[in-house]
Amino acid sequence: MTEKNRAPAGVDVRKPHAARVYDYALGGKDNYASDRALIDKLSAIIPDTLPAAQENRAFLGRAVHFLAEAGIRQFVDIGTGLPTQGNVHEVAHEVAPDAHVVYIDYDPIVLAHSRELLSGTDNAIVIRGDARRPDDILGDPRVRKLIDFEEPVAVLLVGLLHLVADSDDPAAIVDRFRAAIPSGGYLVLCHITGDYHSPEAVAQWIEVFGGMKEPMVPRSHEQVGRYFDGMELVDPGLVRAGEWRPDAPGGAPSPTTGWLLGGVARKP
């Protein structure tokens, strides 16, 4: 049976997809030949391609553990990607078994695998949603049933915004989610950057990812920093993701590739 025949209805496996590309980079099995070819091609050019995926995942784990320790009991993970080890609800529940988690993605493969993972878990759900339509997500009755936006909540945009084209106005998207976060809540971001690499390497990164369904848009420290406007960055601020509290619990040991910026900020 070919991969095309095994794919869910409506899924074109001939074109790489961000969630499946990321899954392959993390050593997962929920990917197709087109996804593997993209990562293999990029890894041959830029050896720290796979470590960058690991860096993103490790940052997520440390950030979620920090937030749970800080008293956050509500998490909205937007653009969650395929389930792997150290998912948000797993990390949060190690600290706070009563934490509520909503996963949001638009990929049918992500939704199918996430629903299977969450079967029997009362305080974690996955719904279909597109980050480019934040009002649809924030107004979804399933989100509102599990998340009380009158109480502190953490919105996670980890490994997502660099997949949003400038034409879709990522700043406005973040503004809307940030406005929904109540006082005492947090925003978590991890974003591809070209600040620490040569223009040639950045151009190669963009060119290879140009074959993917989603765009790949590296942004500068200044651009990513604006997403936190009006919020208070927790130490050490917006830094290379592997340098964000590297010894904190919650994630595996992390490489620092310089391809990712990570930060966590609190709304006063």
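The values are calculated or read from the model by the stated rules, or taken from the named source; none is laboratory data. Since the structure is predicted, the reported quantities are computational estimates derived from the model, not experimental observations. Every residue, glycine as well, gets a Cβ built from its backbone with ideal geometry; the counts of neighbours run over all protein chains shown. Side chains included, ligands, DNA and RNA excluded: accessible areas come from the protein's heavy atoms. Shrake-Rupley method; radii C 1.70, N 1.55, O 1.52, S 1.80 Å.
Within the stretch 11-47, being within 22 Å of His197 (Cβ to Cβ) and in contact (Cβ under 8 Å) with a residue 40 or more places away in the chain holds for Pro16, Ala18, Val21, Tyr22, Leu26, Leu38, Lys41, Leu42, Ile45, Ile46. Looking across the stretch 240-254, the residues that are open to solvent by 10 Å² or more (accessible area, probe 1.4 Å) and closer than 17 Å to Asp195 by Cα come down to Arg240, Glu243.
Conditions (1) surrounded by 15 or more Cβ atoms within 10 Å (Cβ to Cβ); (2) in contact with an Asp or Glu (Cβ under 8 Å, 6 or more places away or on another chain); (3) free of Cβ contacts under 8 Å to residues at least 60 places away in the same chain, marked per residue:
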site	(1), (2), (3)
Asp122	no, no, yes
Asp148	no, no, no
Glu151	no, no, no
Ala154	yes, no, no
Pro170	yes, no, yes
Ile173	yes, no, yes
Val202	yes, no, yes
Arg219	yes, no, yes
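Of all the criteria given as (1) touching a strand residue (DSSP E or B) at 6+ places or on another chain (Cβ under 9 Å); (2) open to solvent by 20 Å² or more (accessible area, probe 1.4 Å); (3) of a type outside the set (Val, Ile, Thr), the one not satisfied by His191 is (2). Here Leu82 meets the list (1) part of a helix (DSSP H, G or I); (2) closer than 16 Å to Met212 by Cβ almost entirely, failing just condition (1). If I ask for residues that are in a strand (DSSP E or B) and touching a His at 6+ places or on another chain (Cβ under 9 Å), which ones from the stretch 127-157 would you list? If the condition is that a residue be in a strand (DSSP E or B) and touching a His at 6+ places or on another chain (Cβ under 9 Å), then Leu157 is the only one that fits. Just one residue in the set Leu67, Leu50, Leu42 is open to solvent by less than 10 Å² (accessible area, probe 1.4 Å), within 22 Å of Glu214 (Cβ to Cβ) and modelled with pLDDT of 85 or more; that residue is Leu42.
Between residues in the stretch 227-254 that are at pLDDT 95 or above and residues that are open to solvent by 40 Å² or more (accessible area, probe 1.4 Å) and aliphatic (A, V, I, L, M), which pairs lie under 8 Å by C-beta distance while being six or more apart or on different chains? Note: pairs meeting the criteria are Tyr227/Ala171.
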